[in-house]
């Protein structure tokens, strides 16, 4: 409590004595007690925003378009104690908003598809979930599908494209080509399809439908599906040798570039080689990409294991150009992880089946082989992604690059991970300009009314490729199919989505050399 000076108290007493009396009991004036000064809070520091602080430092170092983002400029802040830097870190409470709005270059999440420059950088609040997804491990019921818009532009329906081996869906009465219009009794539309199909529920029931002409009608059938934790998809869905017109034709449906299956993939090429195939059809129509080292492997097995020939030439930002990130990657003669000698076919031509879902590492194989062999592309234009990424975590001593051997060094208060675009891959001729997709030599679309069985010689796209190889295209009938309004596909809602990542080609021992 405040102590008043004695002379002031005496002055007040005399004044009261000389003042005429009052009937009020309270004859002393109220003295406002002093309000104690509140304790001042300690000023904020970067440590108060661990996620945003990690994001800025990692993106400033690695992001491909770092020079185009004013917030990432090296001169934007004086140091990590700069009050402006601290204020910037705290400008958005949600780290996801901070990443997409403030640290990326015209990301599709912020500006929409039409104006987007960066269409593929992603962020995840759990690095383990992202890392697992990049290895093909996720919570999955094994059902893959395309989604389309109804004629009204609001309703949504799905068509099953394939079912993963040994998944929950593989045990249910559902198959490629089946249609569905609802989930748990609710019809799908633009407002609810994400939550119903890709929400947190571990199980759901699909309301199935029939395709009648251009109409999709609920048929009353229901299929219940359950997601399996830590399910691992085998990307080698179909591989076989087809004999046609005196030729042996290898067919491989490969749905993701996953390192865990590199040795099995090598065995497939060994089988093709032992059977003496003359031609090869690669089916990439549902392959959104994955590990670049697996793309190098498959391309080397197709062409030859010439380790002196350049397969890809990466370009990166100015911070990284003089490091191993900017060095060309050649064809290989062994698998990246197990160092198993590659089986090679030494082909001078291949046929590749593509769609709008063909992306990233799939496109890399097509573009990377173009300078060396004849690549005949059949289907529709691809996604158009030549950029590659890397998983970044809050481990500054390892330059933020994820290394499974250093998980114990990741900041325990920040488990977020980034998967930003850090470079762009060109082929040996320097070409990387396929932002609008790689255009097919022969355009043909799938028939959603009759998708057929994958690997069956009568399946529409495979049959078309076989007819080109055998030279009897004119004898075959591939009429136009009903027009559909494609929306998206199930793989776009997985943490890895359509990423092409360089993990297999970067050695952890060299990581600290790239720190600023």
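Please treat every number below as a calculation from the coordinates, not as lab data. Keep in mind it's a predicted model, so treat the numbers as computed, not measured. Counting neighbours? That spans all protein chains shown, and the Cβs are built from the backbone with ideal geometry, glycine included.
Here the mean projected area of the convex hull built on the C-alpha positions of segment 140-231 is 5.6 nm².
Show that you can apply the helix-only estimate: for the chain, add -39,500 (n - 2.57) for every DSSP H stretch of four or more residues, divide by all residues, and state [θ] at 222 nm to the nearest 500. List each step's numbers first, then the result.
Details: 11 runs with 99 residues, N = 516.
Calculated from helices alone, the mean residue ellipticity at 222 nm is -5500 deg cm²/dmol.
What number does the chain give for Rg over Rh if you use C-alpha atoms and the Kirkwood radius?
Checking Rg against Rh, the ratio lands at 1.18.
Taking every alpha-carbon pair under 8 Å whose residues sit at least 6 apart, segment 46-119 reaches a relative contact order of 28 percent.
Which of rounded, prolate or oblate describes segment 398-438 when judged by the alpha-carbon gyration tensor and an a/c cut-off of 1.5? Prolate, because a/c is 1.5 or more and a/b exceeds b/c.
Helix 6-18 and the longest principal axis of the C-alpha atoms of the chain enclose an angle of approximately 60°. Across all C-alpha atoms in segment 46-119, the radius of gyration and Dmax reach 12.1, 38 Å. Restricting the calculation to alpha carbons of segment 193-295 gives Rg and Dmax of 19.0, 52 angstrom. The protection proxy used here, the mean number of other Cβ atoms lying within 10 Å of each residue, ranks peptides 72-80, 285-293 as follows, highest first: 285-293, 72-80.
Most tightly packed first, judged by the mean number of other beta-carbon atoms within 10 Å of their residues, the peptides 133-146, 339-352 read 133-146, 339-352. Protection proxy ranking of 301-308, 107-114, 177-184, 415-422, by the mean of other Cβ atoms within 10 Å over each peptide's residues and highest first, is 415-422, 177-184, 301-308, 107-114.
Using a ≥ b ≥ c from the Cα gyration tensor of segment 252-296 (square roots of the eigenvalues), is it rounded, prolate or oblate, where a/c under 1.5 gives rounded and otherwise the larger of a/b and b/c decides, a/b for prolate? Note, shape of segment 252-296 comes out oblate.
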